[in-house]
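Scroll down for the structure; my scribbles are underneath it.
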Amino acid sequence: MLAKVYVTLKTGVLDPQGKAIHHAAETIGYQGIEDVRQGKYFEIRLNPSLADDQARTEVEKFAHDVLANPVIENYRVEIVR
Amino acid sequence: MKFGVVVFPGSNCDHDTYHVISKVVGQPVNFIWHKEENVEGYDAIILPGGFSYGDYLRTGAIARFSPVMRAVTNFARSGGLVLGICNGFQILCEAGLLPGGLLRNRDLKFHCEHVSIRVERTDTPFTIDYREGEVLSIPIAHGEGNYFCDEQTLADLESGGQVIFRYCDIDGRITDEANPNGSLGNIAGICNRERNVLGLMPHPERAAESVLGSRDGRAMFFSIADYLTERLKKRA
């Protein structure tokens, strides 16, 4: 069982790295790229004996307490069997 | 009185801070290893600058879970003085002992230079030896010093007099040009509501002796010592 956690900056939080990447995309000449926001992606291997809702609760807590800083970031959890 | 300087794997300003307290201020000081679970007997604890745990995940994010931080949190909650410098400030924010967080500098550059900061408040144990409005020359050295918090938190910090230092020009004017990293409100340092926990990005320990080009930072350490002397006198 696998948990996928996506951590992204909240709307309104300046993302200078995303801006730099966007600027590079424009310089190279990619078309239609209006904005880039950089985030983090985690793959977490879980013990298969965990029930789905238990796994979700555990990983949500992990994401909230450790993987993301809720002051500046949002997170999204996916559980994949 | 006794000072403690916490040492995390990756701290690199611990010896500078120790030196200033022992040789410049002349007070007893110990290093506290990050695995220590007990900080009894200390009057002030300093979280020094550096790159604790390689800044992995986020600056200060891993250090915050080290055993010593549980003890430091209890120490702070019971009124102990805690000063976080640079990475120490980032750790205090991650630990929730100070509000907000520190983002990547807006220009993506690591800034290592002397900046001017203005003393906004002298009613904290860390700033009693300064004058309000005094402009200090103190070095910064960080890539993530861009202070951020939500609007309500910022309003609370301002109304509570918790913004203690702001980036300014040499005449003390708060301008965007004088803001090295994009911090909201030119914030360089804040304290908690109880005023016993202070975090700042500039390095006062690197500006405590004339040979280093500025001694404007030394009053921060003398303030703590003077405050503790008074407090210990009252208790005696």
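The values are calculated or read from the model by the stated rules, or taken from the named source; none is laboratory data. Not measured: the values here are computed from a predicted model. Note that we place each Cβ from the backbone using ideal geometry, even for glycine, and neighbour counts take in every protein chain shown.
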**Single residue of B:SER137, B:SER116 found to be more than 13 Å from every other protein chain (Cβ to nearest Cβ), surrounded by 18 or more Cβ atoms within 10 Å (Cβ to Cβ) and among the hydroxyl-bearing types (Ser, Thr, Tyr)** = B:SER116
**Top-ranked residue of the stretch A:57-81 - restricted to ones that are in contact with an Asp or Glu (Cβ under 9 Å, 6 or more places away or on another chain) and either over 21 Å from B:LEU57 (Cα atoms) or among the charged types (D, E, K, R) (or both), ranked as modelled with the lowest pLDDT** = A:ARG81
**Prompt:** Does B:THR127 satisfy the condition of being surrounded by fewer than 18 Cβ atoms within 10 Å (Cβ to Cβ) and either in a helix (DSSP H, G or I) or more than 14 Å from chain A (Cβ to nearest Cβ) (or both)?
**Reply:** no
**Request:** Search the stretch B:51-65 for residues being outside any helix (DSSP H, G or I) and within 13 Å of chain A (Cβ to nearest Cβ), and hand back the single one that is farthest from A:LYS19 (Cα to Cα).
**Result:** B:ILE62
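Results for (1) without any contact (Cβ under 8 Å) to a residue 60 or more places away in the chain; (2) in contact with a strand residue (DSSP E or B) (Cβ under 7 Å, 6 or more places away or on another chain); (3) surrounded by 14 or more Cβ atoms within 10 Å (Cβ to Cβ); (4) at positive phi, shown as yes or no for each residue.
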site: B:GLY161; (1), (2), (3), (4): yes, no, yes, yes
site: B:THR175; (1), (2), (3), (4): yes, no, no, no
site: B:ASN186; (1), (2), (3), (4): yes, yes, yes, yes
site: B:ASP216; (1), (2), (3), (4): no, yes, yes, no
site: B:ALA219; (1), (2), (3), (4): no, no, yes, no
site: B:PHE222; (1), (2), (3), (4): no, no, yes, no
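Per-residue answers, yes or no, for (1) at negative phi; (2) within 14 Å of chain B (Cβ to nearest Cβ):
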{"site": "A:THR8", "(1), (2)": "yes, yes"}
{"site": "A:HIS22", "(1), (2)": "yes, yes"}
{"site": "A:GLY29", "(1), (2)": "no, no"}
{"site": "A:GLN38", "(1), (2)": "yes, yes"}
{"site": "A:ASN47", "(1), (2)": "yes, no"}
{"site": "A:ASP65", "(1), (2)": "yes, yes"}
**Item:** the stretch B:81-97 residues that are more than 14 Å from every other protein chain (Cβ to nearest Cβ) and more than 7 Å from B:GLY199 (Cα to Cα), paired with ones that are surrounded by fewer than 24 Cβ atoms within 10 Å (Cβ to Cβ) and charged (D, E, K, R) (beta carbon under 7 Å, 6 or more apart)
**Value:** B:LEU81/B:ASP43
